[in-house]
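K.L.:
Structure provided below as structure tokens; questions to follow.
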Amino acid sequence: MSTAEKHHFQAEIQQVLDIVIHSLYQDREVFIRELISNAADACERLRFLQTSGQAVHQPEIQPAIAVGVDEKAGTITFTDTGVGMSRAELVDNLGTIAHSGTKAFLRGLQAAEQQSGNPDVKANLIGQFGVGFYSAFMAAKKVTVNTRSHLTDETGWRWISERAAGYEIEAAPDLPRGTSIVLDLKDDAKEFTKPATVEHIIKRYSNFIQFPIELDGKRINTVQAIWARNKSEIKPEEYQEFYHYVARSQEDPLMRLHFSADAPLSIQALLFVPAHNLESLGLARTESDVHLYCRKVLIQPRAKGLLPEWLRFVKGVVDSEDMPLNIGRETMQDTSLMQKLNQVLTGRFLKFLEEQATKDAVTYDKFYGEYGRFLKEGIVTDFGHRESLGRLLRFESSHTQPKQTTSLAEYVKRMPADQKEIFGLLAPNRESAETSPYFEVFRARKIEVLFFYDPWDEFVMEHLQTFDSKPLQLAEKAELDTGDTVRNEKALSDEQAKALAGWLKEKLGDRIHEVRVSHRLIESPAVVVDHDKYITASMRRIMKSLRKEEDAQAAGKQDLEINPAHAILIQLDNARQADPQLALQVAEQLLDNAFVAAGLLEDPRQMVNRMNALLTRILESKSV
């Protein structure tokens, strides 16, 4: 005669079970992860008790986890040698779900659904309750739990449930310490009796559990969770081996950051920077490859939102004990918690980069060469980290040697007391920068200029705006003059220069907004600058390349600045009286040359025809 005690689930508990089975988890394979996680917790509790000196049943048996599959019987079994459960614990832990009150939970669930209008809100609330065990019913039609408490005066017990029928509890003497959970699988879940399938799932979610996990007698989790170890105990080759595993790469990483923190969150993180930026090789956009763990159990692979998008090149793992273990781990329930993780990790990684730039400038230069564009993306898109990112920027400058870079902080230290702005010059390369008409006044006055070779740099400066309370200013917008640094006795007088400027405006018409005498030019005859001080030549080129011609036109025409000391302008002033036709051709060519220097000439055909005509005229005059 059966001595089993029969219990019925309350209606409210049945409702919660339905939610767990049908709504909480996206992939039912996670029941394997949940049951192994519970087993690991039981083993951890046993180890704590033994360490504290408490007597336990069968102390000679080491904490471990075993999984067994039986394709013929259609079962999968999870066994641990942890703390086990007494009869009272079976009732408390498996007979109820929400210790804080199932009815209260359901009322809160109903109210949240009505308020939000979103039935998926239950996935956020369910995380407050210990329901991982019940994920077994997603795949099982029957669950049998055999358990024996670690307490020396306890005995074994068996808990059986087919869900709808409630559960039974009966004595089961002579069981070893720990818990064994047998799942009789549903007909559509027999895939979980295949060793290869189960091994894949264990390695995906539970590969770093600190206790041995065996599948049908074979050790599965052989890779160590080295992020949880002390850094002083880890050899460089161990870091490299782990990187090869987690990044699926044969190359060694360029950098690594291994750190732990207790406040404001408990975090253990091991982050790597790959040696090469795959996006720069023309491959697809990089996706986040940092995995989120809780106590060595995978919460979310390639976790979205763990790091900002502009740090998507980082690879590694983050383990936080502040993650609730009993939620659907494929979906982060607490977005505020994820935001806190993001803030802590991003701040620590930026601090690490700044430290690397000081300690190992050579490696940092390699990093910046590969990933500088990502940092610039952060400045443009992430207001909260602009100041920190600004300290990481590197540029060539007029005071550095070719290929040698400087930081904004170093630039500021070299600034003379009377210089109030940080100046930068847009150019495709150093040679173009040093020969640019916009650079002439800076060279004459010995003012350092940063050279911006990347088209992104203009937008970076626009968003960064200041550094160390110093405004960032593009050279073409700088209001500087040569002062007394250059004098030319043959130069046009102020009256002559103004008259020539008026004549040029008359002849060039709508091609230019206005013509004025320049105070920035020394070697160049003329330069174009945007009449709108907020629009730069580079921005105009980008708008045109994006086929936003109407935007570029709406920004206004350029102004032409002329150098009254240049031989071309002196001769042009004479030619406009002596040979008006030649003077007009020279004036148009002067403007087109200035457009070419600024990268703004779209259609060179008229310029080429005019140039040919001028060359012909020169050669004909020489042959006479």
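K.L.:
Computed FRET efficiency, Cβ-Cβ of LYS231 and ALA172, R0 51 Å: what is it to the nearest 0.05?
P.N.:
0.65
K.L.:
Leaving out same-chain residues fewer than 8 places away, which lysines sit with a Cα under 29 Å from that of LYS231?
P.N.:
List returned: LYS203, LYS296, LYS304, LYS315, LYS340, LYS351, LYS359, LYS366.
K.L.:
Ok, one more. Provide, in order from the shortest bin, the percent of all Cα-Cα pairs of the range 131-206 in each 5 Å bin, continuing until the bin that contains the maximum pair distance.
P.N.:
3, 14, 19, 21, 18, 15, 9, 2, 0
K.L.:
For a quick protection proxy, order the peptides 72-82, 415-425 by their average other-Cβ count within 10 Å, most packed first.
P.N.:
Working: 72-82: 20.0, 415-425: 15.4.
Highest to lowest by the protection proxy: 72-82, 415-425.
K.L.:
Here is a further query. Need the C-alpha centroid separation for the range 163-215 versus the range 246-313, integer Å.
P.N.:
The range 163-215 and the range 246-313 have Cα centres spaced 31 Å from each other.
K.L.:
Setting aside same-chain residues fewer than 8 positions from LYS505, which lysines have a Cα under 21 Å from its Cα?
P.N.:
Counting by Cα, and skipping residues close in sequence, LYS505 has these lysines nearby: LYS533, LYS557.
K.L.:
Show me the ranking of peptides 572-580, 426-434 by mean Cβ neighbours inside 10 Å, starting with the highest.
P.N.:
Working: 572-580: 14.2, 426-434: 17.1.
Packing order, densest peptide first, comes out as 426-434, 572-580.
K.L.:
Would you calculate the separation in nanometres between label points at GLU479 and ASP418, each defined as 7 Å from the Cα along the Cα-to-beta-carbon direction?
P.N.:
Placing both labels 7 Å beyond Cα along the Cβ direction yields 1.7 nm.
K.L.:
Report the extension gain between THR363 and ASP153 in nm, rounded to one decimal, defined as 0.36 nm multiplied by the number of residues separating them, less their alpha carbon distance. Please list the in-between numbers first.
P.N.:
Numbers: separation 210, 0.36 × 210 = 75.60 nm, distance 6.19 nm.
Going from the current span to full extension adds 69.4 nm.
K.L.:
On average over all directions, what projected area in square nanometres does the range 253-321 have, based on the convex hull of its Cα atoms? Don't skip to the end; give the middle numbers.
P.N.:
On the way: hull surface 19.3 nm².
Mean projected area for the range 253-321: 4.8 nm², to one decimal.
K.L.:
Sticking with this structure for a sec: Over the residues of the range 226-367, compute the C-alpha Rg and express it relative to 2.2 N^0.38 Å. Each step should come with its number before you reach the end.
P.N.:
On the way: Rg = 14.9 Å, N = 142, 2.2 N^0.38 = 14.5 Å.
That works out to 1.03 for the range 226-367.
K.L.:
Right, here's the next one. Please give, to one decimal in nm, the separation of the simple spin-label points placed at SER336 and LYS141, each 7 Å out from Cα toward the Cβ.
P.N.:
4.5
K.L.:
Could you work out how far apart the two model spin labels at ALA55 and GLU191 are, taking each label as a point 7 Å from the Cα in the direction of the beta carbon, and quote it in nm?
P.N.:
Label at ALA55, label at GLU191, 5.0 nm between them.
K.L.:
In addition: Whose amide H sits under 5 Å from the amide H of ASN277, counting only residues 5 or more places off or on another chain, with H placed in the peptide plane?
P.N.:
Result for ASN277 returns nothing.
K.L.:
Once you've got the Cα coordinates, tell me which of LYS6/LYS190; LYS142/LYS190; LYS413/LYS446; LYS420/LYS446; LYS420/LYS477 are over 19 Å apart. The partial results should precede the final answer.
P.N.:
Numbers: LYS6/LYS190 28 Å; LYS142/LYS190 13 Å; LYS413/LYS446 15 Å; LYS420/LYS446 15 Å; LYS420/LYS477 14 Å.
Beyond 19 Å between Cα atoms: LYS6/LYS190.
K.L.:
Next up: From the P(r) of the range 393-477, could you give the percentage of C-alpha pairs in the tail past 18 Å? Don't skip to the answer; put the middle values down first.
P.N.:
Numbers: 1231 of 3570 pairs.
Tail of the P(r) past 18 Å holds 34 percent of the pairs.
Since every read-out is calculated from the coordinates, none of them should be taken as a lab result. Because the structure is a prediction, the values reported are computed rather than measured. Ideal geometry is used to build each Cβ from the backbone, glycine not excepted, and the neighbour counts take in all protein chains shown.
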